[in-house]
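Report on the following structure.
Just so it is clear, none of the values below were taken in a lab; they were calculated from the coordinates. Not measured: the values here are computed from a predicted model. A quick note on method: Cβ atoms are made from the backbone with ideal geometry, for glycine too, and the neighbour counts reach across all protein chains shown.
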Amino acid sequence: MAWQGLAAEFLQVPAVTRAYTAACVLTTAAVQLELLSPFQLYFNPHLVFRKFQVWRLVTNFLFFGPLGFSFFFNMLFVFRYCRMLEEGSFRGRTADFVFMFLFGGVLMILLGLLGSLFFLGQALMAMLVYVWSRRSPGVRVNFFGLLTFQAPFLPWALMGFSLLLGNSILVDLLGIAVGHIYYFLEDVFPNQPGGKRLLLTPSFLKLLLDAPEEDPNYLPLPEEQPRPHQPHPQQ
């Protein structure tokens, strides 16, 4: 019964958050069970473009390292802030949310080539946190009961915590940089004099992922209109 309740609760999570979190957990479980090796997952441009191992363009975003504190820490923030974005500023805009993932992923891979970065899941997490924090500037965040600060400071606090864990902050900086580029192009530049939206979600994504909009000028046929309630005849 507990598993059924957990499954029902998980199915209430928005689709993109549910799919990405599940993919990360299943990938890590497969590595832990030695069904997969990290060497089959990491980003290697030579293997991608010369050996056509194109799955590495995706799998490098799904592996957060072996099971341990770092993995659960990253999963907590991925799940929390991905869900808050999808239920908040991207509510009803699944195609736009997926396009943000695609834009961020492509940009991270291109910039990651310069730094020889092999796994970019943590960078994607930093991007999600950064975009949420800039869109929620008035929210106060309690960081594990140790610090309380405004949301825009959260990405930098996470980077400092990552440094304390002995991780390289290059991946965090990459995610923050890509998050800022997305935020600027999507939220800042269109509101400047002469500015406009440059990140336009492809129509096929909207057709595939978003619910069709109702035409305000549509007049239903008489048989489609609800019938008035008829009272039951008195006995």
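With 0.36 nm allotted per residue and the present C-alpha distance subtracted, the LEU11-PHE149 stretch has 46.5 nm of extension available.
Note on ILE169/VAL106: beta-carbon distance plugged into 1/(1 + (r/R0)^6) with R0 of 22 Å gives a FRET efficiency of 0.50.
Placing a label point 7 Å from the Cα of LEU76 along the Cα-to-Cβ direction, the residues of region 111-147 with a backbone N closer than 20 Å are 121-133, 140-147. Between the beta carbons of ARG93 and GLU34, assuming R0 = 35 Å, the FRET efficiency works out to 0.30 to the nearest 0.05. Which shape class, rounded, prolate or oblate, goes with region 11-123 when its Cα gyration tensor gives a ≥ b ≥ c as root eigenvalues, a/c under 1.5 marks rounded, and past that a/b bigger than b/c marks prolate? Verdict is oblate for region 11-123.
Gain in length, PHE69 to PHE118, computed as 0.36 nm per residue apart minus the alpha-carbon separation, to one decimal in nm? Spell out each step's value before the answer.
On the way: separation 49, 0.36 × 49 = 17.64 nm, distance 2.04 nm.
Result: 15.6 nm gained on full extension.
Quick check on region 112-173: take the gyration tensor over C-alpha atoms, sort the square-rooted eigenvalues as a ≥ b ≥ c, and tell me if it's rounded (a/c under 1.5), prolate or oblate. Let's see the in-between values first.
Working: a/c = 3.21, a/b = 1.63, b/c = 1.97.
Here region 112-173 falls in the oblate category.
Remark on the chain: hydrodynamic radius 20.3 angstrom, per the Kirkwood mean of 1/r across alpha carbon pairs.
Pairs of Cα atoms under 8 Å, at least six residues apart: use those to get the relative contact order of region 7-192, whole percent.
Working: 191 pairs, mean separation 37.2, N = 186.
Once divided by the residue count of region 7-192, the mean separation gives 20 percent.
Calculated FRET efficiency, VAL141 to LEU47, Cβ-Cβ distance, R0 = 30 Å: about 0.15 to the nearest 0.05.
Scanning the chain for DSSP H helices at least 20 Å long along the axis (C-alpha atoms) with a Kyte-Doolittle mean no lower than 0.0 picks out 15-32, 69-87, 94-115, 121-135.
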